[in-house]
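First comes the structure, then the notes that go with it.
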Amino acid sequence: MDAINEVHVSEPGLLVVDVATADEETAFAFHTALAARWATTSAERTTRDPGQPGVRLRCYVDLRQPVNASGQAPTSH
């Protein structure tokens, strides 16, 4: 995986999540579960490391922005 950019962890509540799984289906299911609860970047592809089993997926999560039942970050009024 690429190095983590300081911007992605510059404040409390920001996470870089690297997932290693046996298959793409599991990686995307995990991402979907994260995205149902918190604001995340999209995950459109996985990567494979030559000579290593399984796939990897990286996404960025912002725990400061929980999502509501519709899958959207709540708006403040």
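Read the figures in this text as sums done on the coordinates, not as results from a lab. What you are looking at is a predicted structure, and each value in this text was computed from that prediction instead of being measured. Cβ coordinates were reconstructed from backbone atoms using ideal geometry, including for glycine residues, and neighbour counts include every protein chain displayed.
Here the spin labels are modelled as points 7 Å beyond Cα on the Cα-Cβ line, and at GLU24 and GLU44 they lie 1.4 nm apart. When ARG37, ARG56 are arranged by Cβ crowding within 10 Å, least crowded first, meaning fewest neighbours, the order is ARG37, ARG56.
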